[in-house]
Amino acid sequence: MIIIRKFMPTITSFEELDKEIQKAGGKPLVLEALWDGDTQGWYLILSLYIETGVLFWKKQEVVQLGTVSFGGDIRLFNGAVPAWPEAELTKEWGQKAIKKYGLTFYFPSDKEPDDNCPGWTDRHLAINCADCNKLIIPTDSPYLPKEICYHCHLTRESNEKIKNAVPYDNGVTMYLFRNEEYKQIGYCSYFESFTIAPFIQHHVKHQLIEQAINVVTLDQPDIIALKEQLEHTLENKLATYQRGEIEERMKLFVSFYTCTYKGKQYELMNKYNEAHRLIIELISSWETAEEAISENYSYKIIFKKGITYRDDAILRFVNYVSKGTAAISAINKQYTGVLTEAIVMDTIKKLEQIGCLEISGDEVSITRTGKNIV
Ligand SMILES: [Zn+2]
């Protein structure tokens, strides 16, 4: 069933939902909440199965009430945190609707988005996920296991990496640093992908040593030199700058972005134009260097070496799920069936040794160094 989202009201409170239920008329039987997704992200579609008419003229109908969505995928950052506020709210409203109408509340995936769940009337086509018991229509993809849902498939894959301590050294983070304050200015899987990489390579090579976490620092003289190099490169690029025109058929995907550099404005295509993309990135890097110079920041570039998925998972659990401090027993509980207590303890000790965690009695806390790599 294709539902055009923009024609459905967005529901943000139980009162609004209740109004839609009453508008639907008839006797409410089932309130259904199903996930769907588009380019803006995941959202829930709320539908109501109602009974109308009396005696032999009774019939059932389904009415779409509206969608629930908060948009944005910022929550993906947290990895393990099931932070889907639309699911939490919908659960709450479902309980209120049960109380008020005595209906059945059907919400097959109330913990995370999943668009493979059956609608209320398709339940007979579904199976229960072998890991989480959720009702799903088995996937027809030849590459995915059929007995579990996609979410559990990802969890199994991730647990394998944690169990086997698969290396996880990708990821370089760049910060502006001043008086114990870190401001993140960039993240790339590989150092070479940073726009400023070619200009600071010598500093990096010089400072990198054989250790788990390397912090490369650029001080003010280095940043001044970097800024000069950026200006030099920008002058060359801007000398051959051409605005160009966006082809008619590309107008849906590409637009002009106005950049100001040294008092002059340039219109640059935000996509599919390599020369423009480079100019945008160079100007943005130049602005960062300017800010660092005028506000007396240094650059800190953080590299990892010898970090595994297991280390990363435990650090993330402490930092995001436990908000910085976790009981060791809570970490053990989180990884029950994946890691033994002895392995959890070894990992904690390793993370302490490389300066990412501090152990205090039966608790661990993440350090600044630890925060810098998750
Ligand atoms: Zn599952």
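The values are calculated or read from the model by the stated rules, or taken from the named source; none is laboratory data. From a predicted model like this one, the values you see are computed outputs, not experimental measurements. A quick note on method: Cβ atoms are made from the backbone with ideal geometry, for glycine too, and the neighbour counts reach across all protein chains shown. All accessible areas refer to the heavy atoms of the entire protein, side chains included, with ligands and DNA or RNA removed. Shrake-Rupley method; radii C 1.70, N 1.55, O 1.52, S 1.80 Å.
Scanning for something at pLDDT below 90, of a type in the set (S, T, N, Q) and open to solvent by 30 Å² or more (accessible area, probe 1.4 Å), does the stretch 72-79 turn up at least one residue?
Within the stretch 72-79 (the criterion being at pLDDT below 90, of a type in the set (S, T, N, Q) and open to solvent by 30 Å² or more (accessible area, probe 1.4 Å)), the answer is yes, since at least one residue qualifies.
With the requirement that a residue be within 9 Å of the ligand (Cβ to nearest atom) and either among the hydroxyl-bearing types (Ser, Thr, Tyr) or touching a helix residue (DSSP H, G or I) at 6+ places or on another chain (Cβ under 8 Å) (or both), what does the stretch 118-133 give you? Write out each step before concluding.
Initial filter on the stretch 118-133 (within 9 Å of the ligand (Cβ to nearest atom)): 128-133.
Selection gives Cys129, Ala130, Asp131, Cys132.
Give the stretch 193-252 a look and list any residue that's of a type in the set (Asp, Glu) and either farther than 30 Å from Lys305 by Cβ or exposed (fewer than 14 other Cβ atoms within 10 Å of the Cβ) (or both), or say none. Working first, answer last.
If we filter the stretch 193-252 for residues that are of a type in the set (Asp, Glu), which is where we start, we get 210, 219, 222, 228, 231, 235, 245, 247-248.
Those that are of a type in the set (Asp, Glu) and either farther than 30 Å from Lys305 by Cβ or exposed (fewer than 14 other Cβ atoms within 10 Å of the Cβ) (or both): Glu210, Asp219, Glu228, Glu231, Glu235, Glu245, Glu247, Glu248.
Do you know which residues across the stretch 88-105 are open to solvent by 20 Å² or more (accessible area, probe 1.4 Å) and either part of a loop (DSSP other than H, G, I, E, B) or touching a helix residue (DSSP H, G or I) at 6+ places or on another chain (Cβ under 9 Å) (or both)? Before you say what the answer is, go through the steps one by one.
Looking only at the stretch 88-105, we keep the residues that are open to solvent by 20 Å² or more (accessible area, probe 1.4 Å), and these are 88-89, 91-92, 95-96, 98-102, 104-105.
Within the stretch 88-105, Leu89, Glu92, Lys96, Lys100, Tyr101, Gly102, Thr104, Phe105 meet the criteria.
In the stretch 165-179, is there at least one residue being away from the ligand (no atom under 16 Å from the Cβ), open to solvent by 80 Å² or more (accessible area, probe 1.4 Å), farther than 30 Å from Glu112 by Cβ and free of Cβ contacts under 8 Å to residues at least 24 places away in the same chain?
Filtering the stretch 165-179 down to residues away from the ligand (no atom under 16 Å from the Cβ) leaves 165-179.
Restricting the remaining residues to those that are open to solvent by 80 Å² or more (accessible area, probe 1.4 Å) gives 167, 179.
From what's left, farther than 30 Å from Glu112 by Cβ: 179.
Those left that are additionally free of Cβ contacts under 8 Å to residues at least 24 places away in the same chain: 179.
Checked against the condition, which is being away from the ligand (no atom under 16 Å from the Cβ), open to solvent by 80 Å² or more (accessible area, probe 1.4 Å), farther than 30 Å from Glu112 by Cβ and free of Cβ contacts under 8 Å to residues at least 24 places away in the same chain, the stretch 165-179 yields at least one hit.
Restricted to the stretch 147-162, and to residues that are within 17 Å of Pro108 (Cβ to Cβ) and over 19 Å from the mean Cα position of the chain (by Cα), which residue is farthest from the ligand (Cβ to nearest atom)?
Glu147
Which one is farthest from Asn179 (Cα to Cα), of the residues in the stretch 314-326 that are touching a strand residue (DSSP E or B) at 6+ places or on another chain (Cβ under 6 Å) and not in a strand (DSSP E or B)?
Out of the qualifying residues, it is Val318.
I'd like the residue in the stretch 293-313 that is out of contact with any Cys (no Cβ under 9 Å at 6 or more places or on another chain) and in a helix (DSSP H, G or I) and, out of all such residues, is nearest to Asp346 (Cα to Cα).
Only one residue tops the list, namely Arg310.
In the set Glu281, Glu290, which member is part of a helix (DSSP H, G or I), of a type in the set (Asp, Glu), under 30 Å from Tyr241 (Cβ atoms) and touching a helix residue (DSSP H, G or I) at 6+ places or on another chain (Cβ under 7 Å)?
Numbers: Glu281 fails: touching a helix residue (DSSP H, G or I) at 6+ places or on another chain (Cβ under 7 Å).
After applying the criteria, what remains is Glu290.
Mind checking which residues of the stretch 265-278 are in a helix (DSSP H, G or I) and open to solvent by 20 Å² or more (accessible area, probe 1.4 Å)?
Within the stretch 265-278, Glu274, Ala275, Arg277, Leu278 qualify.
In the stretch 180-192, how many are of a type in the set (Ser, Thr, Tyr) and open to solvent by 70 Å² or more (accessible area, probe 1.4 Å)?
Let us first name the residues in the stretch 180-192 that are of a type in the set (Ser, Thr, Tyr), namely 182, 187, 189-190.
So of that shortlist, the ones also open to solvent by 70 Å² or more (accessible area, probe 1.4 Å) come out as 187, 190.
Matching residues across the stretch 180-192 total 2.
Inside the stretch 143-193, can you point out the residues that are of a type in the set (Asp, Glu) and part of a strand (DSSP E or B)? Break it down stepwise before answering.
Just the residues of the stretch 143-193 that are of a type in the set (Asp, Glu), to begin with: 147, 157, 160, 169, 180-181, 192.
The answer is Glu181, and nothing else.
Let me confirm something: among Asp115, Asp140, which residue is open to solvent by 60 Å² or more (accessible area, probe 1.4 Å), away from the ligand (no atom under 15 Å from the Cβ), under 21 Å from Gly37 (Cα atoms) and not in a helix (DSSP H, G or I)?
Values: Asp115 fails: away from the ligand (no atom under 15 Å from the Cβ).
Criteria check complete, one pass: Asp140.
Find all pairs meeting these conditions: Cβ atoms under 7 angstrom apart; at least six residues apart or on different chains; first residue within the stretch 242-254 and assigned by TED's automatic domain parsing to the domain that holds Tyr266; second residue among the charged types (D, E, K, R) and assigned to a loop (DSSP other than H, G, I, E, B).
If the second residue must be among the charged types (D, E, K, R) and assigned to a loop (DSSP other than H, G, I, E, B), the pairs left are Phe253/Lys271; Val254/Lys271.
With Asp346, Asp311 as the choices, which residue is modelled with pLDDT of 95 or more, farther than 30 Å from Lys227 by Cβ and surrounded by 17 or more Cβ atoms within 10 Å (Cβ to Cβ)? Walk me through how you get there before you give the answer.
Values: Asp346 fails: surrounded by 17 or more Cβ atoms within 10 Å (Cβ to Cβ).
Every option except Asp311 fails the conditions.
With (1) without any contact (Cβ under 8 Å) to a residue 40 or more places away in the chain; (2) open to solvent by less than 60 Å² (accessible area, probe 1.4 Å) as the list, and Val318 as the residue in question, which single condition is left unmet?
Of the numbered conditions (1) without any contact (Cβ under 8 Å) to a residue 40 or more places away in the chain; (2) open to solvent by less than 60 Å² (accessible area, probe 1.4 Å), the odd one out for Val318 is (1).
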